[in-house]
Amino acid sequence: MRFLQLLALISTLIFALQGPTQGPAPIAQPLASPTPTPAPLPPATVKIDAYRVAAGRIIGAALTSDRAYSRLAHLTDHIGNRISGSKNLERAIEWAVAEMKRDGLDNVRAEKVMVPHWVRGEESLEMLTPVSRKLQMLGLGNSVGTPAEGVSAEAVVVRNFGELDRLGEQLRGKIVVYNVPFTDYGETVEYRLRGASRAARYGAVAALVRSITPVSLQTPHTGAMQYDANQPKIPVAAITIEVAEFLQRMNDRGDRPALRLRMEAKFLPDAESANVIAEVKGSEKPDEVVVIGGHFDSWDVGQGAHDDGGGCIVAWEAARLLKELGLRPRRTIRVVLYTNEENGLRGGNAYRDAHRAEIPKHVFAIESDSGVYRPEGFGLAATAPLQVRSNLQEIARLLSGIGSDRIAADGGGADIGPITREGVVGASLDVEGSHYFDIHHTPADTLDKVNPRELALCVAAMAVMAYTVADLPEPLTGR
Ligand SMILES: [Zn+2]
């Protein structure tokens, strides 16, 4: 009998002797998850034994090379952040195309995409009364600007859309402040996306949104917002958690704080950009494709190191390593560095449109856009066929030695969304992301946050998975 079983037996006996009234208070059970119990998986139809040696070589090569990190260092330190339409993004694209050719990758090219060109300009937020103070802010991407003199008004703080709706017409002429604590990204980001238009519906003149993050060192987080075409467009900016709580205290004491928001944000005409593409051409079925990639654009603050310079380097380096090791799979591995994920998704959509005819030949698509932390495995779209899930779980066993063998119940990505909606099986490279939202879309997304070893592990996980799927003698679908 194992120690833990013995312990369990003893505690059961003690509990039985004490009787239920003296036992510990029952712990409230969490509500039943709405997710149905997953269907049992069919047995895998793929055989991975033939790939153990290759997987070992790939992992070894990734972990003993500093190429991924030094390339990310060039991208972040020498080029910098890369918002759509910027000179930096253009330079990054030119650099990647030249370097990929030097790497000896196949069919290296830039596929033209027109992208929105939003510029931030100068911006500031200050408290006018009851005290005069500068406040940390960062305009939200796609926001309109303010008149040159700014927008000055009383601030009203709400904790959620429910409070907003209850105040309703009382918000006319006010600056609405959303002080919404972070729960998870998908839920909380609604305030960044739709907060401005929801407030504009009641006549608010501007909106401020608490940054979408669980922690803050006075770090404001930008990100895309969307206007509702039926409401007036009002300027909107992110504020730090510290500023949101300060305004909340002022609000709750009845101080009626007055603020002035100044933003020069505006759109310039669409700019020319490109998706960067490079391949390891397949040896037997070159027309069948495994796509791997991330987005090359970033926000206009920080360096776009984790989001998503790192993700791009992971896909690129995975292909380069295979080339270096002489591992040419049966099918083609295609690296795509998508443009304009952050404020338009034009790159992902353009890829689908330009490659529409070959979409049925896309075997698998992996997106790396969750930061380049320690890889845990892959998040497979919930809609993926069970046989594919079973086969990927089998292949992922090749990564158990580096702890990256989990196939999560859900996954995917923004850039592969357009092709996965056309039926391509898609997955995300999943990482230990507990600190991602500390720095996401902030001036703090810089190279020093990237651990070279974790980056190398991401390369290894991506390369082993892509290579094996691309090389299988049988189809991933099992048919
Ligand atoms: Zn991203």
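The values are calculated or read from the model by the stated rules, or taken from the named source; none is laboratory data. What you are looking at is a predicted structure, and each value in this text was computed from that prediction instead of being measured. Because the Cβ atoms are built from the backbone with ideal geometry, glycine has one as well, and the counts that use them run over all protein chains shown. Only protein heavy atoms, including side chains, enter the accessible area calculation; ligands, DNA and RNA are left aside. Shrake-Rupley method; radii C 1.70, N 1.55, O 1.52, S 1.80 Å.
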| query | Using the heavy atoms of the protein chains alone and a 1.4 angstrom probe, what is the accessible area of region 113-154 per residue in square angstrom? | reply | 44 Å²
| said: Given a Förster distance of 30 Å, report the FRET efficiency between Ser283 and Ala357 from their Cβ-Cβ distance, rounded to the nearest 0.05. | reply: 0.85
| query | If you count, for each residue, the other Cβ atoms within 10 Å and average over each peptide, how do 44-55, 450-461, 378-389 line up from highest to lowest? | reply | 450-461, 378-389, 44-55
| request: Can you check what the net charge comes to around Gly377, using other residues whose Cβ is under 9 Å from the Cβ of Gly377 (Lys, Arg +1; Asp, Glu -1)? | output: -2
| Accessible surface of the chain [probe 1.4 Å, protein heavy atoms]: carbon and sulfur percent | 55 percent
| Placed amide H near Val108: partners under 5 Å, 5+ positions off or other chain | Glu279
| Roughly how many nanometres apart are two label points built 7 Å out from the Cα toward the Cβ at His435 and Gln170? | 4.3 nm
| request: Tell me the label-point distance for the pair Arg256, Ala409, using the 7 Å Cα-to-Cβ offset, in nm and rounded to one decimal. | output: 5.1 nm
| Qualifying trypsin sites (Lys or Arg not before Pro) for region 187-270 [loop in DSSP, other Cβ within 10 Å: at most 16] | Arg201, Lys233, Arg253
| Ordering of 293-305, 215-227 by packing [mean C-beta count within 10 Å, highest first] | 293-305, 215-227
| task | Report, to two decimal places, the Cα Rg of region 266-393 normalised by 2.2 N^0.38 Å (N = number of residues). | result | 1.12
| request: Subtract the Cα-Cα distance of Gln218 and Glu245 from 0.36 nm times their separation in residues, and report this length gain in nm to one decimal. | output: 8.6 nm
| task | For the chain, give the share of DSSP beta bridges that are antiparallel, in percent and rounded to the nearest 5; count only bridges with both residues there. | result | 55 percent
| Which of the helices in the chain, when you take each full DSSP H run, stretch at least 20 Å along the axis at their Cα atoms and have an average Kyte-Doolittle score of 0.0 or higher? | 3-18, 311-325, 452-471
| query | Can you pull the three principal axis extents for the Cα set of region 139-197, in Å, largest first? | reply | 36, 27, 15
| task | Based on a Kirkwood Rh over C-alpha pairs, give the Stokes-Einstein translational diffusion coefficient of the chain at 4 °C and viscosity 1.567 mPa s in µm²/s. | result | 53 µm²/s
| query | Tell me, what is the per residue accessible area of region 155-312 in Å², probe radius 1.4 Å? | reply | 36 Å²
